[in-house]
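Step one of this worksheet: look at the structure below.
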Amino acid sequence: MTLRVYNTLNGAKQEFQPLTPGKVGMYVCGVTVYDYCHIGHARANIVFDVIYRYLRFAGYEVNYVRNYTDVDDKIINRANERAIDSQELAEEFIRAFDTDMAALGLDLPTCQPKATEHIPQIIAIVEKLIERGLAYASGGDVYYAVEKFDGYLKLSGRNMEEMQAGARIAPGEQKRNPMDFALWKAAKPGEPSWESPWGPGRPGWHIECSAMSMEYLGESFDIHGGGKDLVFPHHENEIAQSEGATGKPFVKYWLHNGFVNVNQEKMSKSLGNFFTIRDILEQYDPEVVRFFILTAHYRSPIDFSDQNLKEARQGLSRFYEGLQAAAEAVEGCAESDVAAEEGAQLEARFREAMDDDFNSALAIGHLFDGVRTMNRLIGEKKFRKKADKVAAVRALHQGLLKLGGVLGLFGSEPAAWLEKQKLAGLKSLDITAEQIEQFIAERKQARQDKDFARSDEIRDELAAKGIELLDGVKGTSWKLK
């Protein structure tokens with residue numbers, strides 16, 4: 001199957017054909033660095049990390065650019081609140097962002113430019129837009145004249161007349177039209193500023209991404225990504241600026257990830273349901289968060305809740321249990337020349353899912369099928385004496401590790417990961433690991449004494465607390481139900 005992607009620009013899936021065969025230029029809007037990142041940032045960055053990984057897995061050479069917006073009203077206001085320099089604040093939260101993304105297992109982009117390091121490129125684009133009659137200077141500010149660009153609102157599909165009816169010019173703005181947006185802002189006392197043909201000032205938000213994306217990917221490139229909240233006005237304005245300055249199509253495929261709700265409500269500080277990545281990682285393993293996000297298609301909304309995170313932890317644990325069981329089952333078994341089709345079949349289904357607009361949810365479903373097949377084979381009588389079955393389990397085990405790596409999953413040693421999750425899960429239960437082991441020891445003694453009623457009673461007591469006992473050749477272990 002050929003890779004197909006959903007393009008926001010035309011509202012349909014299209015066959016993916018990069019501008020240069022075998023190479024992909026991808027730009028994803030980064031964060032405005034004035035605070036710690038939240039679960040919405042986690043989703044966007046994990047989604048495009050997986051797209052980046054899959055494109056490379058599919059054989060493309062990918063130039064992935066993700067920026068930092070390090071000059072903005074929010075940064076300036078927060079720095080003033082703390083009585084520190086705005087760049088000092090920006091650098092603090094750039095470091096925090098990098099730490100959070102590393103914890104979530106993201107691969108580094110090819111390039112991570114900062115807006116403040118591209119002021120000359122920004123000024124050059126603004127000058128071009130003025131020369132072409134698409135922008136005008138006004139009192140030290142420079143505005144984009146949206147009515148001069150025929151393609152305005154082609155990404156969002158909004159109606160210009162309806163939007164103009166509700167638009168207002170804010171105090172201090174010197175626009176000709178309420179819909180016009182700032183390309184350059186005149187300096188105000190106490191704000192960072194740079195010299196320009198229109199006097200000292202700083203860039204508007206939207207122009208930064210046009211300058212940085214074109215600097216590293218060219219005037220036209222393949223993929224531009226971000227959250228759905230950026231479609232308007234940010235990405236709409238990027239198109240107007242970039243295509244207005246160059247006269248060329250800006251981006252071929254626009255990809256946008258869906259929103260994150262919290263307990264079925266929109267995330268909001270005012271509602272008290274606002275969670276930073278750091279808050280979440282105090283309770284859940286980063287891989288659990290990553291797995292949770294990938295169990296939904298990237299364009300769909302996703303509901304963040306403790307229950308859904310716990311279910312994700314249970315689902316990921318099933319993978320690690322299967323990987324551990326498979327490794328133990330084939331340990332010491334002789335290598336054979338028996339061909340195993342199971343691994344190739346698993347990869348084919350995985351690729352088919354991901355080729356359908358990066359459908360990680362369906363891809364994970366196929367990986368679950370692989371675990372179930374592996375477990376069934378291991379459970380067969382005299383499994384270790386059946387060369388074809390052993391070969392199949394080995395192929396599935398290797399396939400799961402390989403394909404999981406494309407999603408950024410299954411990178412830990414199974415026994416250690418499972419033990420860590422068991423202990424983490426106990427934090428919400430009224431029992432400790434030491435108490436569980438005491439119950440297991442008591443149950444073992446009861447069985448030796450043939451007191452099977454007490455043995456069953458202990459199992460039931462632990463089950464009521466959310467603990468499942470597992471009797472095996474090496475003794476009794478436990479896991480969270």
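The numbers here are math on the coordinates, done by the rules we state, and not lab data. Because the structure is predicted, anything quoted here is derived from the model rather than measured. When we count neighbours, we look across all protein chains shown, and the Cβ atoms used for this are built from the backbone with ideal geometry, even at glycine.
Expressed in whole Å with the largest first, what are the equivalent ellipsoid semi-axes of segment 286-402 derived from the C-alpha gyration tensor as the square root of 5 times each eigenvalue? Could you put the intermediate results ahead of the total?
Values: eigenvalues 174, 55, 16 Å².
After scaling each eigenvalue by five and taking roots: 30, 17, 9 Å.
What lysines does Lys175 reach when the alpha-carbon gap must be under 23 Å and sequence neighbours fewer than 8 apart in one chain are set aside?
Straight-line reach from Lys175, under 23 Å: Lys74, Lys128, Lys148, Lys154, Lys185, Lys188.
What value, in deg cm²/dmol to 500, does the helix sum -39500 (n - 2.57) over DSSP H runs of n ≥ 4 give at 222 nm once divided by the residues of the chain? It would help to have the intermediate numbers written out before the result.
Working: 16 runs with 224 residues, N = 481.
One gets -15000 deg cm²/dmol as the mean residue ellipticity at 222 nm.
Kindly identify segment 223-342 as rounded, prolate or oblate by the Cα gyration tensor criterion: order the square roots of the eigenvalues as a ≥ b ≥ c, call it rounded if a/c is under 1.5, otherwise compare a/b with b/c, prolate if a/b is larger, else oblate. Write down the numbers at each step before the final one.
Numbers: a/c = 3.86, a/b = 1.54, b/c = 2.51.
Taking the square roots of the gyration eigenvalues as a ≥ b ≥ c, segment 223-342 is oblate.
Across bins of 20 angstrom width beginning at 0, how are the C-alpha pair distances of the chain distributed, in whole percent?
It works out to 20, 46, 24, 9, 1, in whole percents.
Excluding residues on the same chain fewer than 8 positions from Lys310, give the aspartates and glutamates whose Cα lies under 15 Å from its Cα.
Glu282, Asp285, Glu287
Tell me, Met354, Met267, Met214 in order of fewest to most beta-carbon neighbours within 10 Å?
Going from sparsest to densest Cβ surroundings: Met267, Met214, Met354.
If you put +1 on each Lys and Arg Cβ and -1 on each Asp and Glu Cβ, how big is the dipole of segment 429-480 around its Cα centre, in Debye rounded to 20?
On the way: 9 positive and 12 negative charges, 49 e Å.
So the dipole magnitude of segment 429-480 works out to roughly 240 debye.
Give the span of segment 429-480's Cα atoms along each principal axis, as three whole-Å numbers ordered largest to smallest.
Computed over the Cα atoms, the extents are 30, 22, 15 Å.
About the Cα centre of segment 189-284, how large is the charge dipole given +1 on each Lys and Arg Cβ and -1 on each Asp and Glu Cβ? Please answer in debye to the nearest 20.
Numbers: 7 positive and 13 negative charges, 47 e Å.
It comes to approximately 220 debye.
In vacuo Debye scattering of segment 104-153, one point per C-alpha: log10 I(q)/I(0) at q = 0.27 Å⁻¹?
Here log10 of I(q) over I(0) equals -1.05.
For the pair Thr20 and Leu423, how long in nm is the line joining their label points, each one 7 Å along Cα→Cβ?
Roughly 4.9 nm, to one decimal.
Which residue, chosen from Asn10, Gly59, Phe452, occupies the Cα position most advanced towards the positive end of the dipole of the chain, where the dipole is computed from +1 (Lys, Arg) and -1 (Asp, Glu) charges on Cβ about the Cα centre?
Sorting the options by dipole projection puts first Phe452.
So, with +1 on the Cβ of K and R and -1 on the Cβ of D and E, and no other charges, what is the size of the charge dipole of the chain about its Cα centre, to the nearest 20 debye?
Values: 59 positive and 72 negative charges, 227 e Å.
Dipole about the Cα centre, nearest 20: 1080 debye.
Please list the non-local residues whose amide H lies under 5 Å from the amide H of Ile467, H modeled 1.01 Å from N, same-chain partners needing a gap of 5 or more.
Placed amide hydrogens put Lys481 under 5 Å from Ile467.
Order by neighbour count: Glu92, Glu437, fewest other Cβ atoms within 10 Å first, most last.
Final ranking by Cβ density, sparse to dense: Glu437, Glu92.
Could I have the simple spin-label model distance between Arg278 and Ala416, label points 7 Å from Cα toward Cβ, reported in nm to one decimal?
Result for the modelled spin labels: 2.6 nm.
Using a cut-off of 16 Å between alpha-carbon atoms, which lysines can reach Lys381, once sequence neighbours fewer than 8 places away in the same chain are excluded?
Result set, ordered by chain and number: Lys389.
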